[in-house]
Structure formats: C-alpha cells, structure tokens
Amino acid sequence: MARSRDADGPDGLLVVDKPAGWTSHDVVGRVRRLAGTRKVGHAGTLDPMATGVLVLGLGRGTRLLTFLVGCDKAYDATIRLGQATVTDDAEGEVTATTAVDGVTPERVVAAVAGLTGAIEQVPSAVSAIKVDGRRSYARVRSGEDVELPARPVTVSRFDIHDQRVAGETAYDLDVSVEVSSGTYVRALARDLGSALGVGGHLTALRRTRVGGYALDVAADLEDLTAAYDAARTRLGVDRLDRADLPALPLLDLATAARAQFPAHELTAEEATALGYGQRIGSGVPGEGVVAGFAPDGRLVAMLDETRAQARSLVVLAPAGPR
C-alpha cells in the first residue's frame, strides 16, 4: 500500500460498491476508520437507496476528486410507471396513482426516445442543489414548495431491457442509462411517467460506472469491514493501529489517472520543471484535463493543455529543494 509523503495514511483511489441504505457520508466515515486516516473524500454522492460505484480519494488521491466530479456515469435502474412520489423514488410518499392500461411498449419506446440525447432536465426537488444557501431537499422536507430551473444534460444511452405490467397502476421497466454529470435518473423516471400521462418513479438504482471506474474494480464494503474486524479480534483490540490495518485495494495515483484522463508522457526535464511549478509545452493539445507522467510512471501533475503552454492544475509530485 502506497503511503503519503507526510505519513498521513494511504494515497490513491478506492472504488467501493456502496450498499443500499448507506449515505455517501456513511461510507466515507467507514473508510476513514478502515484506512486509519481522516483524509478521505468522494467524487459525487449516491442516494441511500442506490447501490454501486462510489469513488473515494484517500490522501493525495483527494486531489484528483475535483477532476472526477464531472465524469459521465452509467446506471441500471427499475422505473415504475403509474405512481408518482414526492421524491421521485420509492422512498417518498406516493402523491398520485394512475391506471396504466393505456401504456404500451410502443408508447414507452417513443417516450424514452424523447428523453435521449441533449435535453433540458428539471432536477428532482429533493436533490442536494442549494437554493439561497440551503439544500433543496432540506427545504422540501420542511414543507416548502421548491421549483428548480431546468438545465442542459445529455442522456447518451437509454436502453429498455424489460417491460411488464405489475398491476392496475404499476408498469415496470428495467433500463440502463449513460448520462452526463448532473443528470438525475430519478428525474428521468419522473419525466418518462409525465410524458406517458401516468406518473413515474424509481424503485431501484445501481450505479455501474463513474468515468473509467466500473464495478469490476469496486470493493465490497462488508468484505473490507470483515477483514478489519478479523484483525481487531485477532489482536484483541477495539481499534487497530495503522501498522496493523489490512491493506485496502487502492488504485495508486498513476493507475487511477490513466484509467480516466488523456496521458502526457513527460521527459525527465519536463517532470522536474512541473515539480517546480514551471510551465512546459503542451503534449495533448486542446485537452482541458491531462495527466502528466514522469518517465518512471509516477503521476507528476494534472495539466490544462488547452493552450500551447501546459499549465499545472495540481502538482502531485513536487520537486525537492534545489
């Protein structure tokens, strides 16, 4: 396990398969304990109801998170047509029920097509978007009516795997979507129901990918916790010292960056210059976020290469004193 320069704990990204019922903050708290460090953050939340990919940064890995928040994402979901809820998912109170006898596979396909591509989406009112300094969901839960403005998002894929009637007021769809950052799958369910005139909400949501990080590299949080508890029991202690912590399946900084960003293979001279905060010539012209790698494979810096001179956005491997 790679250790940070100041011995403050491990460095890298940890991709977790978040369990249902956990908030993203819950997961961060658990990983802080498992890793023996406070320096843990995440690259975008998942609702408690949802499961799947949650990307965490540890140590210097937290400095990569700002570049990951805007990644595209993929989900598997189940949408129930015929019932609208206050939260646009199964955790909210049902606000309307409508017979679904007029819903047909052909109408569903046509409505899905209207929600695919570049669209304007009104976020769910129970989202974390701030309205005059307060989270929208907090305002809704305190009884306020919140109207959020529409914003442009992109739904690059909206595939239907199965359609089935599940009752007089329930028509279920199993779907997969790929969406730009800022897209609410709950809002897609709501808007699909509205387009068909019957209302709709999510009953299941699983995030399968964030950018270049998919479920195949995601760790099971229960397995990580079990390894920690087994070590604690073996040593007869309530809390493990850092030296006794089980290793976490971290992606080191270089591996994590190569999975997501265009690469600029630096010369030794360029790597040294970046370490001192100097600019170098662009190696991947036109790209806004590029990972710069030293000849030995280390991640040196994240670069803005939209101009002829590459500018450091963050330096991960500062040069030592001259």
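Of these, Thr104, Thr154, Thr95, which one is at pLDDT 90 or above and within 21 Å of Leu46 (Cα to Cα)?
Details: Thr104 fails: within 21 Å of Leu46 (Cα to Cα); Thr95 fails: within 21 Å of Leu46 (Cα to Cα).
Answer to the selection: Thr154.
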If a residue must be crowded, with 19+ Cβ neighbours inside 10 Å, at positive phi and either at pLDDT below 95 or in contact with a Phe, Trp or Tyr (Cβ under 6 Å, 6 or more places away or on another chain) (or both), how many such residues does region 1-35 contain?
1
Which of the residues that make up region 76-89 are open to solvent by less than 20 Å² (accessible area, probe 1.4 Å) and not small (Gly, Ala, Ser)?
Ile79, Leu81, Thr85, Asp88, Asp89
Within the set of pairs 6+ apart or on separate chains, which have a first residue in region 171-189 that is touching a residue at least 12 places away in the same chain (Cβ under 8 Å) and among the hydroxyl-bearing types (Ser, Thr, Tyr), a second that is assigned to a helix (DSSP H, G or I) and open to solvent by 10 Å² or more (accessible area, probe 1.4 Å), and C-beta atoms under 9 Å apart?
Tyr184/Arg190
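Has region 280-292 got any residue that is over 28 Å from the mean Cα position of the chain (by Cα) and under 22 Å from Arg60 (Cβ atoms)?
Going residue by residue through region 280-292, those that are over 28 Å from the mean Cα position of the chain (by Cα) are 280-283.
Still in the running and under 22 Å from Arg60 (Cβ atoms): 280.
Checked region 280-292: at least one residue is over 28 Å from the mean Cα position of the chain (by Cα) and under 22 Å from Arg60 (Cβ atoms).
Step by step: first the residues of region 178-196, then only those that are assigned to a loop (DSSP other than H, G, I, E, B) and in contact with a Ser or Thr (Cβ under 7 Å, 6 or more places away or on another chain), then the one that is surrounded by the fewest Cβ atoms within 10 Å (Cβ to Cβ). Which residue is that?
First, pick out the residues of region 178-196 that are assigned to a loop (DSSP other than H, G, I, E, B): 180-184, 196.
If we keep only those that are in contact with a Ser or Thr (Cβ under 7 Å, 6 or more places away or on another chain) too, we end up with 180, 184.
Values: Ser180: 16, Tyr184: 22.
The qualifying residue surrounded by the fewest Cβ atoms within 10 Å (Cβ to Cβ) is Ser180.
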Given Pro149, Pro123, which one is part of a loop (DSSP other than H, G, I, E, B) and either at pLDDT 90 or above or surrounded by 12 or more Cβ atoms within 10 Å (Cβ to Cβ) (or both)?
Pro123
Checked region 196-213 for anything out of contact with any strand residue (DSSP E or B) (no Cβ under 6 Å at 6 or more places or on another chain) and farther than 15 Å from Ala96 by Cα; matches are Gly211, Gly212
Only residues that are open to solvent by less than 60 Å² (accessible area, probe 1.4 Å) and of a type in the set (A, V, I, L, M): list them for region 152-177, please.
Val153, Val155, Ile160, Ala166, Ala170, Leu173, Val175, Val177
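Identify, from the list Thr45, Thr66, the residue that is closer than 24 Å to Pro19 by Cβ and open to solvent by 20 Å² or more (accessible area, probe 1.4 Å). Talk me through it step by step, then tell me what you get.
On the way: Thr66 fails: closer than 24 Å to Pro19 by Cβ.
Answer to the selection: Thr45.
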Give me the strands (runs of 3 or more DSSP E) completely within region 230-322, filtered to those with at least 3 residues that are surrounded by 15 or more Cβ atoms within 10 Å (Cβ to Cβ), ordered by residue number.
287-293, 299-305, 309-315
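Can you name the residue in region 251-279 that is under 13 Å from Gly12 (Cα atoms) and hydrophobic (A, V, I, L, M, F, W, C) and, of all such residues, is farthest from the chain's Cα centre (by Cα)? If you could, list the steps in order and put the result at the bottom.
The initial filter retains those residues of region 251-279 that are under 13 Å from Gly12 (Cα atoms), namely 251-259.
Subsequent filtering for residues that are hydrophobic (A, V, I, L, M, F, W, C) retains 251, 253-254, 256-257, 259.
Numbers: Leu251: 16, Leu253: 18, Ala254: 19, Ala256: 14, Ala257: 15, Ala259: 15 Å.
Ranking the candidates gives Ala254 first.
So for region 80-89 (the condition being modelled with pLDDT of 95 or more, within 24 Å of Asp216 (Cβ to Cβ) and out of contact with any Leu (no Cβ under 7 Å at 6 or more places or on another chain)), does at least one residue qualify?
Of region 80-89, the ones modelled with pLDDT of 95 or more are 80-84.
Narrowing further to those that are within 24 Å of Asp216 (Cβ to Cβ): none.
No.
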Matching residues, region 171-186, being farther than 17 Å from Gly70 by Cβ and either modelled with pLDDT under 95 or among the basic types (Lys, Arg) (or both)
Arg186
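Any chance you could count how many residues in region 216-257 are in contact with a strand residue (DSSP E or B) (Cβ under 7 Å, 6 or more places away or on another chain) and closer than 30 Å to Val284 by Cα?
9
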Given the structure, is Ser142 touching a Cys at 6+ places or on another chain (Cβ under 9 Å), open to solvent by 20 Å² or more (accessible area, probe 1.4 Å) and at pLDDT below 95?
no
If the Cβ limit is 8 Å and pairs must be 6+ apart or interchain, which residue in region 306-319 that is charged (D, E, K, R) pairs with which residue that is open to solvent by 80 Å² or more (accessible area, probe 1.4 Å) and assigned to a loop (DSSP other than H, G, I, E, B)?
Arg311/Arg279
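The values are calculated or read from the model by the stated rules, or taken from the named source; none is laboratory data. Please read these numbers as outputs of a predicted model, since none were measured by experiment. Methodologically, a virtual Cβ is constructed for each residue, glycine included, from the backbone with ideal geometry; neighbour enumeration extends over all protein chains shown. The accessibility values were calculated without ligands, DNA or RNA, using every heavy atom of the protein model including side chains. Shrake-Rupley method; radii C 1.70, N 1.55, O 1.52, S 1.80 Å.
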